[in-house]
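A quick write-up on the structure given underneath.
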Amino acid sequence: MTDIVLSLADARLTLAGNAGPVEILHAITLDILRGESVGLVGPSGSGKSSLLMLMGGLERATGGQVLALGRDLTALGEDDLARFRRGNMGIVFQSFHLVPTMTALENVALPLQIAGARDALPRAEAELARVGLGHRRNHYPSEMSGGEQQRVALARAVAPRPAILLADEPTGNLDAANGAAIIELLFTLQAETGATLVLVTHAPDLAARCSRLVRLADGRLA
């Protein structure tokens, strides 16, 4: 089995703008290995989040190829992409993206239930306990702090045991103390599950925890 989990070959992204097409990413060629923790760093507007979205199939490359676990994401339809993500990827966003009408427990259980897991609720309860929020399982997002919401988002991302964990500025909306706690938790969960972690960050302390840094500038690998 190959150790390459994510592979981009001459990957490009062009989006429509008011003044015409805008080239966001230019000829990105990059391999990421099983179990790596890779930080995507660079100035604002350099294409870090767009590159992460290509890796997750949330944006479709307009040129080149994007492989995840050997599957060509550029060749999959939207339904197949959604199924692939559900089975293989956990994604954490800066703004949490919890379902506001669901409790913490229900949010964590959601991807497990969609996947048909019969033990979704007990597994979700165990994941909440791992992130220190077992006592908040019946609380809604509006009743939790930003740090607690991001812990729930992390528990939801890792609950299905994905091979790939993607995080886009996971500490961006948190204060220093909560940000530090999320950093520790993120790398602990990655180590425990063996997932490959790719994250976008501006935070030097978070970038320093990664086993490798990939720098972008103006949509190109620097």
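Residue count for the range 173-200 under the criterion of being surrounded by fewer than 20 Cβ atoms within 10 Å (Cβ to Cβ), touching a residue at least 40 places away in the same chain (Cβ under 8 Å) and of a type in the set (S, T, N, Q): the result is 1. Counting the residues of the range 15-39 that are over 16 Å from L216 (Cβ atoms) and in contact with an Asp or Glu (Cβ under 6 Å, 6 or more places away or on another chain) gives 2.
For the range 67-84, the count of residues that are assigned to a strand (DSSP E or B), out of contact with any helix residue (DSSP H, G or I) (no Cβ under 6 Å at 6 or more places or on another chain), open to solvent by 40 Å² or more (accessible area, probe 1.4 Å) and small (G, A, S) is zero. Which one of A222, A155, A217, A203 is aliphatic (A, V, I, L, M), out of contact with any Phe, Trp or Tyr (no Cβ under 8 Å at 6 or more places or on another chain) and open to solvent by 70 Å² or more (accessible area, probe 1.4 Å)? Within the list A222, A155, A217, A203, the selection yields A222. Tell me yes or no: at least one residue of the range 131-146 is at pLDDT 95 or above, part of a strand (DSSP E or B), open to solvent by less than 60 Å² (accessible area, probe 1.4 Å) and at negative phi. For the range 131-146, residues at pLDDT 95 or above, part of a strand (DSSP E or B), open to solvent by less than 60 Å² (accessible area, probe 1.4 Å) and at negative phi: absent. Of the residues making up the range 95-112, at least one is within 21 Å of the chain's Cα centre (by Cα), farther than 30 Å from G70 by Cα, hydrophobic (A, V, I, L, M, F, W, C) and part of a helix (DSSP H, G or I). Step by step: first the residues of the range 1-44, then only those that are assigned to a loop (DSSP other than H, G, I, E, B) and without any contact (Cβ under 8 Å) to a residue 60 or more places away in the chain, then the one that is least open to solvent (accessible area, probe 1.4 Å). Which residue is that? It comes out as D3.
The values are calculated or read from the model by the stated rules, or taken from the named source; none is laboratory data. Because the structure is predicted, anything quoted here is derived from the model rather than measured. Cβ: placed from backbone, ideal geometry, glycine included. Neighbour counts: every protein chain shown. We work out accessible area using only protein heavy atoms, side chains counted, and drop any ligands, DNA or RNA first. Shrake-Rupley method; radii C 1.70, N 1.55, O 1.52, S 1.80 Å.
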